[in-house]
Amino acid sequence: MRKATIERATTETKISVEIDLDGTGQYDCKTGVGFFDHMLEQLARHSLIDMTIRADGDLHIDDHHTVEDTGIAIGQALVAALGDKRGIRRYGSCLLAMDDSLVRTALDLSARPFLVMNMEFPTQKIGNFDTELVREFFQALSTHGGITLHIDALHGVNSHHIAEAGFKSVARALREAVEPDPRKGDEIPSTKGML
């Protein structure tokens, strides 16, 4: 059962995340941050990981805590759902084009978190959403999901397209990495014998 539910409550946010790694990309995301919900929907749809996400955050201050804490909770849910990672592909990559944007992602479900992100946004906001929060989300996801994550925007002139291509590219790479590898059987994909 590659499913997990994470409840995270702080003085700043209350987050609930449910995921099913063997889903079909169904989503129900309500964080109170419209553009972020749109990005989470892309993450679910293109990873084929079913996601139900609820966030109640201190949006009267700004969106930062809500976005970051949601990334933390999704990362924790991935760790819980993957268990000891037996039989997964472990690695994933995607070169994704969306209109003017081209984003390359490579990731490893290594349990060694590291983020390398080269994405420049021509604007500071997408609607009311701060573009700097894209990095905050992926940093939280990488750290708490134990993911070595490299994201590079190779082209792009529209901030919305760059961000969306980034989320879709990560989603497709994640889909590949969490999939069962029919050639691995029940093996842990590491010469160390654990991840």
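The values are calculated or read from the model by the stated rules, or taken from the named source; none is laboratory data. Just so it is clear, the structure is predicted and the values come from calculations on it, not from any experiment. Cβ: placed from backbone, ideal geometry, glycine included. Neighbour counts: every protein chain shown. To get the accessible areas, we keep the full protein, side chains included, count just its heavy atoms, and leave off ligands, DNA and RNA. Shrake-Rupley method; radii C 1.70, N 1.55, O 1.52, S 1.80 Å.
Averaged across orientations, what area in nm² does the convex hull of the alpha carbons in the range 127-170 project? Please report the intermediate quantities before stating the final value.
On the way: hull surface 13.2 nm².
In nm², the orientation-averaged hull projection of the range 127-170 is 3.3.
Give me the net charge for the shell around Ala140: Cβ to Cβ below 12 angstrom, other residues only, Lys and Arg +1, Asp and Glu -1. Intermediate results must be reported in sequence, preceding the final value.
On the way: positive: Arg8, Arg135; negative: Glu68, Asp69, Glu136.
With Lys, Arg at +1 and Asp, Glu at -1, the net is -1.
So what's the range 55-144 giving for Cα Rg divided by 2.2 N^0.38 Å, two decimals?
Details: Rg = 15.0 Å, N = 90, 2.2 N^0.38 = 12.2 Å.
Against the empirical 2.2 N^0.38 Å value, I get 1.24 for the range 55-144.
Identify the trypsin sites (Lys or Arg not before Pro) of the range 48-108 meeting these criteria: DSSP loop state and at most 16 other C-beta atoms within 10 Å of the C-beta.
On the way: sites: Arg54, Lys85, Arg86, Arg89, Arg90, Arg104; in loops: Lys85, Arg86, Arg89, Arg90.
Qualifying residues, ordered by number: Arg86.
Expressed as an acute angle from 0 to 90° and rounded to the nearest 10, what is the orientation of the C-alpha long axis of helix 132-145 relative to the principal long axis of the chain?
20 degrees
Which semi-axes, in whole Å and largest first, does the equivalent ellipsoid of the range 1-89 have when worked out from the alpha carbon gyration tensor as the square roots of 5 times its eigenvalues? Mind dumping the intermediate values first?
On the way: eigenvalues 110, 42, 16 Å².
The equivalent ellipsoid of the range 1-89 has semi-axes of 23, 14, 9 Å.
Roll a 1.4 angstrom probe over the protein heavy atoms and tell me the percent of accessible area of the range 1-57 that is carbon or sulfur.
For the range 1-57, the apolar C and S fraction of the accessible surface comes to 46 percent.
Quick check for you: with a 1.4 Å probe and neighbouring chains kept, what is the accessible area per residue of the chain, in Å²?
Values: 9170 Å² over 195 residues.
Here the residues of the chain average 47 Å² of exposed surface.
In the range 116-173, carbon and sulfur make up what percent of the accessible area (probe 1.4 Å)?
Working: 1060 of 2410 Å².
Taking all protein chains in place, the range 116-173 shows 44 percent carbon and sulfur surface.
In deg cm²/dmol and to the nearest 500, what is the mean residue ellipticity at 222 nm of the chain if only DSSP H runs of at least 4 residues count, each as -39500 (n - 2.57), divided by the residue total? List each step's numbers first, then the result.
Working: 4 runs with 67 residues, N = 195.
The helix contribution divided over the chain gives -11500 deg cm²/dmol.
How high is the relative contact order of the range 104-195? Use alpha-carbon pairs under 8 Å, at least six apart in sequence, and give a whole percent. Before the final figure, lay out the partial values.
Working: 113 pairs, mean separation 36.1, N = 92.
Dividing the mean separation by the residue count of the range 104-195 yields 39 percent.
Over 10 Å intervals from 0, what percent of Cα-Cα pairs in the range 93-195 sits in each interval?
P(r) for the range 93-195, in whole percents per bin: 16, 43, 28, 10, 3.
On a 1.4 Å probe surface of the protein chains, which of Ser93, Ser142 comes out largest in accessible area, and what is the full order? Mind showing how you got there, number by number?
Working: Ser93 65, Ser142 0 Å².
Correct descending sequence by accessible area is Ser93, Ser142.
Using the Karplus equation 6.51 cos²θ - 1.76 cosθ + 1.60 (θ = phi - 60°), what ³J(HN,Hα) coupling, rounded to whole Hz, does each residue of the range 183-195 give in order, writing x for Gly and Pro?
Computed from phi, the couplings for the range 183-195 are 8, 8, x, 9, 7, 7, x, 7, 5, 6, x, 7, 10 Hz.
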